[in-house]
Structures are given as C-alpha cells and as structure tokens.
1. What number of residues within the stretch 168-202 are within 26 Å of R240 (Cβ to Cβ), open to solvent by 30 Å² or more (accessible area, probe 1.4 Å) and among the aliphatic types (A, V, I, L, M)?
2. Out of all the residues in the stretch 228-276, which are under 18 Å from T143 (Cβ atoms), open to solvent by 30 Å² or more (accessible area, probe 1.4 Å) and of a type in the set (S, T, N, Q)?
3. Within the set of pairs 6 or more residues apart or between chains, which connect a residue that is at negative phi inside the stretch 169-189 to a residue that is acidic (D, E) and surrounded by fewer than 13 Cβ atoms within 10 Å (Cβ to Cβ) with Cβ atoms less than 8 Å apart?
4. Restricting to the stretch 224-249, name every residue that is part of a helix (DSSP H, G or I) and touching a residue at least 60 places away in the same chain (Cβ under 8 Å).
5. Is one or more of the residues making up the stretch 203-216 among the polar types (S, T, N, Q), over 18 Å from the mean Cα position of the chain (by Cα) and surrounded by 13 or more Cβ atoms within 10 Å (Cβ to Cβ)?
6. In this structure, is S148 at pLDDT 90 or above, within 21 Å of Q255 (Cβ to Cβ) and in contact with a strand residue (DSSP E or B) (Cβ under 6 Å, 6 or more places away or on another chain)?
7. Counting only residues that are surrounded by 10 or more Cβ atoms within 10 Å (Cβ to Cβ), in a loop (DSSP other than H, G, I, E, B) and out of contact with any helix residue (DSSP H, G or I) (no Cβ under 7 Å at 6 or more places or on another chain), which one in the stretch 20-66 is modelled with the highest pLDDT?
8. Name the single residue that is most open to solvent (accessible area, probe 1.4 Å) among those in the stretch 111-123 being touching a residue at least 60 places away in the same chain (Cβ under 8 Å) and in a helix (DSSP H, G or I).
Amino acid sequence: QVRVVRRESDKAKEIRTSSHAYMKEQEDKEPWKEVQLSGPLTDDSKAVLENLISPSGRNIPFNTENAQYLASLNATTKSRDDTVPAQTADLSREQLALMALPDQVRALIAAAQALQFKRLVQLMPNGVQHADEIVKVLPEVATLVQGSWVVKSELLYPLDADRPPPAGASAAAEMRHAKHRDSVLSIQRCRDHILAHFHRNVRVHASALRKDITREVTPMQLESMLFQLAVRREGCWEFRLAPDGDFATLFASVQEAQDAQWKATEARLAALVGRVSASSRVPASAPAPEKPPAAKKGKAAAGAAAKAGGVAA
C-alpha cells in the first residue's frame, strides 16, 4: 500500500518547529554530558584567570556605567517583547547603540520588514530625541504603506550592486548572470505591485494578485512575499499592521512626498503591464492570415487549376 503525504509548506514547517512540543522533543533527544566543576582556588581556575588578564599596563577606556554593563551581561533582564517582530528581537539595544543612526534604521527596518513609526522610535536607543533625523533617513530605506514604513524591495532583494560578470567570462556564465538579474528584477516588480495594492487598500482580494506582474514569479515566491506583509482572511489578504494616521498628522510633507512617489511607481508598473500585454497579442492593424481555398474534387478541380494557371487541361 502506497501512502501519499502532502508536502509540508514553509509556513507549516515554521509553525511546527517553533512549537513547544517540537522543542521538547529535540531537548529530550539531546544526550547528557558529564562535566566536572572546578572551584575558584583550583589550579585550573587560576590558569583560566591568568589568561583573562592582559599583560599590558595601559589603561583601557571604559565609558559604560556599572549598572548598564551588568545589565548587558545578565540574560534574565532581557525579556521577550511579543510586540517586537522575532527578527528584531535578535538586535539588542547595546548592538544598536554602537551603530550610526542611519545603520540603526536600516537594520531594524530590514529585520522587521514593516514597522509603524512610533514603534521604530521605541526600539531605537534614544529614538525619541532623534525623531526628526529618523524621518529624514527612512525614505532612503523604506516606503510608506498605510502609515507604516516597509523596507524597499531593492534592499530586500538586492541586485548585487548590478555587478557585471567578470571579464573573460564564458557565454554560459554571462547568460546565467543575465537570467539571475532578470529574476531579481521580476521579484522586485512583483513586490512593488503588491505594496501598491496595499497602499490603496488595507484588504486586497486574492484574485487581484494572480495576474499581470505577479505571473513573473512562482506561486511559492508570491505566497512568501504575501506572508511577510499580510495575513489571509476570507479570500483576501490584509496588511498585517493597522493603519496609522498619526504619522501623516505629524509629518504631512513626508506623507505627500510618499504619495507622489507611489503615483510614479504605479504609473511605471501600469506601463510595464501594458507592454507585456501588447507583446502577447496580435496587433489590431495586422491583416488576418488568408485561409487556403478548399480542395475541389475530380475534373472540376483540374479545370479550376488550369484556368487559374493559364494552362490548358
């Protein structure tokens, strides 16, 4: 008897591997390892301590406050915040504090893919004091959708800085490079097409995303992009962040600039769809192909052929 098992989707696998039962199963499979404790006065502990002390006599600058340093070492003080996307939880405030402000914005937006402005400010060290500077950086790395900032498609799916193939590369290598470039551009266009829909409406019917530009990518790629941006409800895809009207109130000029940019993007995508559609149909001015005359039978056919060619039968 042959049993056919349906292939597990990436979303189902992610849910299964993040469940408590799966983690408990993996923990039970892990073998025990016997360890031996060394006291603080043993030779082994003294040898380790000597390796941790620098032989240099110079002073090392240490600008961190004592309480802040101890808090960074204490794992129990870092509680998981369920309102923070899982990817951004891996970025500690200590790591972000070492980055320049533009790099902080880029790291958080790229990790979360979509954040409301007020949440982004909360996640950044001293973000409240630098709100105006953050607004200036955001358009470089993200685009505004329903009041939230979404990472740009060209940053999420980079084109390797449009790097050409190395000099002297074979024809096959150049063809692979061109094919890869076209594939990345198709993914970027498809994601921009999805974001344009969500820029106009919070809810988008699934059928609207199964035509035109979205046909340039595989169904699996399309579904992966949608799951990163939205949740599925009753045959529709709904943008996963609630509309935020506060940002438009606080930064009206930025909102207007983003709306103008979206109009230009939608016009570019519409023109592209028009070119693709036009290339796939016969032009209206093209003459219809002539049908060959039906074959006649017997002497009538021979007589007609002779008359047409001017040759006596």
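1. Count: 2.
2. Q228, S253, Q255, Q261, listed by residue number.
3. R181/D162
4. S224, F227, Q228, L229, D246, F247, A248
5. No.
6. So S148 passes the test.
7. The selected residue is T42.
8. Across the stretch 111-123, the extreme among qualifying residues is K118.
The values are calculated or read from the model by the stated rules, or taken from the named source; none is laboratory data. Since the model is a prediction, treat every value here as computed from it, not as a measurement. Positions of Cβ are backbone-derived with ideal geometry, glycine not excepted, and every protein chain shown enters the neighbour counts. Accessible surface areas use protein heavy atoms only, side chains included; no ligands, DNA or RNA. Shrake-Rupley method; radii C 1.70, N 1.55, O 1.52, S 1.80 Å.
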